[in-house]
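Here's the structure, in structure tokens; my notes come after.
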Amino acid sequence: MNWKNIASLLLNIIAVSTLFFLILAGSSSVPHNSVIGPYLALGFLIIVAYLFGVLARELGFPALTGNLLAGILFGPSVLGLISHTDIQSLEFINTIALSFIALSAGGELKLKSLRENVRAISGITLSHTLLIFGGTLIVMVPFLNLFEVQGISGIKTIWMAAIMLSVVAVAKSPASTIAIIHEYQAKGPFTDVVLGVTMVKDIVVLLLFALAMGVIRGIGGAVPFSLSFLIQTFGHIFLSIAAGLAYGGLMILFYRYVAREITVFIVIAAFLANELAHFVGLEQMLMCMIAGFVVQNFSRQGPLMIEGIERSHLPIYVIFFSIAGAGLDFSYFGSVYLLVTLFVVLRAILIFFSTALGAKLTGSTDAIRKYAWTGFLTNAGLTLSIAILVEKAFPEWGQPLKAIIISVIAINQIVGPVLFKIGLVKSGEVKPQSSSNG
Amino acid sequence: MFARLFVIFAVAVAYFSFSIIFQKRKISTFVGMEYLILGFLLSNLPLGQGLLKPLLFPFLGWIGFLIGLEVDFHYIRKLPENFLVRTAAWTTGLVAAIALGIGLLTTKPVLAVFALALAPISFRTVSHFIPARGIENRTVLFFVSVVPFFILLLFTGIQVITLPLVSSLYLLCFSALFAILSRALLSLNHRPEGLLLILIGVIVLVSETCAVFRISPLIVSFFSGVYLANTCKKCEPIYRDIATDEKPLYMLFLLLVGILAGIPDNPEFLFSALSIVLMTGIFRWLFVKTHWFSLNQHFWAYFMAPGGLAIAIGTDIWMQDGATLPKVWFSAFLVAVMVLQAIGVLFGKKEEAK
């Protein structure tokens, strides 16, 4: 630990924050276009999030944790230098960044290593799905009954909320996983298994969510459980996969026949994929992951794509995670902290045991059995989408459930990356002295 | 939604096809004016133009910063005093002449500030046609590279005089403050990609602050760049990093300018554009004929090209005071710059062929 560096970083953070505070104070007396605010906040956030990332690295934490903390500290929950409106306006950057991250997640997965680890990946995914879902459901029903959360009362509602919390418990954040893997330049079977499970679980969670929505509608009695809803969901996933295959094919054509300005291309590709997925109504993450996977494994141009990604991932991660941090809302935490803490602990225990069991049954290495669970703790975008969709569909109990889920995301986003870094180091797959964020 | 998707697709196709075409035919001397045309073509689509406007500020900041980083007093001090005085006089004279011309053309003398944007000479175009061999050619190239510096100094002077006192103070204070801040931030021990990220953050923060306080992001960033170039040891890698990403950023800048300006559908626009071309062309030609720098008479065409800095200064002026500077004049100015650039390149090629 270099104390001189730390002091100098802290001084710079204080200087930039003070200046930004003065600019904000001065700007209130000058009439200006309100559209400028978010971009002003973005400039400030880039600087402090990056500096926090470097500081986190100096202190032995992942840079991602520093980026997130910068967002939390300067966001609406703590200091309020960045407002809710700013965060909402900047959300579009995050959806594009998410496409980029998904492309890189798919690109990191190699068919060869998948084949070698197929048993471990399928075993862990299966045990996660069954044990985490089942375990959470069994425990959360009495817990929700006991804690009497406002809006979640009555046995039917408690069951519906518990089912959704069980889906959330299975879900995880591919973005954090891939960011930590990039940051520490981790390579090897441990990394491949974590990445593989993350990718497959994304599809599983989508299916699980669709099933859960069907069941909940059945329980609620508003809409009877229908097969067509499930078919529609399967169709949606199938179409997203097909679109990902096609998009990957187009990317291969570019790399084969144009192959220039690869950094610009990957950013444009992520941007276009994001717009395309929203326009057609496809699952953006899934489509991009498949596209990245196709380029990496069905062409010779995989390394070219990875090169483009590596050149531009730092700004994307810093912006993505700082905005995500600023968007984390802790205001509900006070009212549901006990339930949230219990859920987070329960989820971590279930992830630990189900990973160990899945790894043991499939004869995986000791490293995977002992430490792979650390890679499955974070949850972010997908989990938040689930919370938003539930809130829209069932506002009475969806709203308090969303508050719980947001608090869960906040804790897991802070703790998860730190634990995953430890897991990666313990697995021995971290490149010595690797640092891409700072 | 469809419009946005279409635009992204069109931009992507254009970016890579222009990149292939121009590299093969070596006519990149158009300095990206093709993206300006693409922007004009896309300007009628409903893209939320109001939301796009603040995006222009960081591009202006980045251009100002890049030019500032090129100003190394170590080299400037080595240039003969006589040379600097003559270049300053030449630049001021040309700006004054064009301003006078524009002032005569319009009932709104405020538009004469566009003269500042019509005076630069595209270094890229000139250096493409004139080889850096021989003392005379090198002097010409030095001259062309020093002109933007004087134009930006003139621009600063005019801003300080014409802006309200509070705005002038903001301009000076923020220039100093951000220069010191950039220096402090960039002096930390960064890896190359970190250095670039910090720079992006600084440029966005500086530019948007300027937008809030209605001062020029081009000038404030220019002075930050100059300060860094002369005080920071990491200036070289910084310059290399931003210069590497120059093309996509510049392309986006021109595209945005085109989209926001659009092509008005009225005769005043055509008349204004034609008048600006004629008047600027004549004054530029006359000034080349002054022989102050032993300018070869065959070079006149190259000096017609105003280059990207012209667009940047024009946009900066328009962004700061869009209310008093009619949009039709800004569009006319852009078309005039494109025409002059085309004249510079096409006639230059003809001369080259001789």
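Readers should treat all values here as calculations from the given coordinates under stated rules, not as data from a laboratory. Just so it is clear, the structure is predicted and the values come from calculations on it, not from any experiment. When we count neighbours, we look across all protein chains shown, and the Cβ atoms used for this are built from the backbone with ideal geometry, even at glycine.
You can think of it this way: the chain between B:Leu278 and B:Ala184 has 29.1 nm of extra reach, that is 0.36 nm per residue less the Cα-Cα gap. Centre-to-centre separation between the Cα atoms of segment A:1-49 and those of segment A:121-161: 42 Å.
Look at the alpha carbon pairs under 8 Å that are at least 6 residues apart: their mean separation over the length of segment B:175-291 gives a relative contact order of 28 percent.
Pairwise alpha-carbon distances in segment B:73-229 exceed 20 Å for 62% of all pairs. What number comes out for the charge environment of B:Gly64, summing +1 per Lys or Arg and -1 per Asp or Glu over other residues with Cβ under 15 Å away? Its environment carries a net charge of -4. Applying a threshold of 24 Å to the alpha-carbon distances of A:Lys156/A:Lys201; B:Lys78/B:Lys233; A:Lys187/A:Lys360; A:Lys172/A:Lys402; B:Lys53/B:Lys327; A:Lys112/A:Lys360 flags A:Lys156/A:Lys201 as lying beyond it.
Under 17 Å from a label point set 7 Å out along the Cα-to-Cβ vector of A:Phe279, the amide N atoms of segment B:44-59 belong to B:44-48.
Between A:Lys187 and A:Glu91, the simple label model (points 7 Å from Cα in the Cβ direction) yields a spacing of 3.9 nm.
Within the shell of other residues whose beta carbon sits under 13 angstrom from the beta carbon of A:Ala169, the net charge comes to +3, with Lys and Arg scored +1 and Asp and Glu -1. Each stretch of four or more DSSP H residues adds -39500 (n - 2.57); spread over every residue of chain A, this sum gives -27000 deg cm²/dmol at 222 nm.
Counting beta carbons within 10 Å around each of B:Cys173, B:Cys232, A:Cys288 and listing the fewest first gives the order B:Cys173, B:Cys232, A:Cys288. With a simple spin-label model that places each label point 7 Å from the Cα along the Cα-to-Cβ direction, the separation between B:Ile76 and B:Arg4 comes to 4.3 nm. With the Cα gyration tensor of segment B:56-353 giving a ≥ b ≥ c as the square roots of its eigenvalues, does the rule (a/c under 1.5 for rounded; else a/b larger than b/c for prolate; else oblate) give rounded, prolate or oblate? Judged from the Cα gyration tensor, segment B:56-353 comes out oblate (a/c at least 1.5, b/c at or above a/b).
Other residues lying with their Cβ under 11 Å from the Cβ of B:Arg240 contribute a combined charge of -3, Lys and Arg counting +1, Asp and Glu -1.
A straight line joining the Cα centroids of segment B:205-253 and segment A:311-338 runs 29 Å. The length gained on full extension between A:Leu10 and A:Leu338, counted as 0.36 nm times the residue separation minus their Cα-Cα distance, comes to 114.7 nm.
Mean per-residue shielding of peptide B:192-203 is 6, counting Cβ atoms of other chains within 10 Å of each Cβ. Can you tell me how chain A classifies by the Cα gyration tensor, rounded, prolate or oblate, using a/c under 1.5 as the rounded cut? In terms of gyration-tensor shape, rounded. Here is how the number arises for chain B: DSSP H runs of 4 or more residues each give -39500 (n - 2.57), the sum is divided by the residue count, and the result at 222 nm is -26000 deg cm²/dmol.
Of the peptides B:5-16, A:415-426, A:41-52, the ranking by mean beta-carbon count within 10 Å, highest at the top, reads A:41-52, A:415-426, B:5-16.
Only helices reaching 30 angstrom along their own axis (Cα) with mean Kyte-Doolittle hydropathy no lower than 1.0 count here, and for the DSSP H runs of chain A these are A:3-27, A:36-58, A:189-220, A:227-257, A:333-361.
The modelled label-to-label distance between B:Thr290 and B:Thr92, using points 7 Å beyond Cα along the C-beta direction, is 1.1 nm. Could you tell me which of rounded, prolate or oblate describes the protein assembly as shown, using a ≥ b ≥ c as the square roots of the eigenvalues of the alpha-carbon gyration tensor, with rounded for a/c under 1.5 and, failing that, prolate when a/b is larger than b/c and oblate otherwise? Verdict is prolate for the protein assembly as shown.
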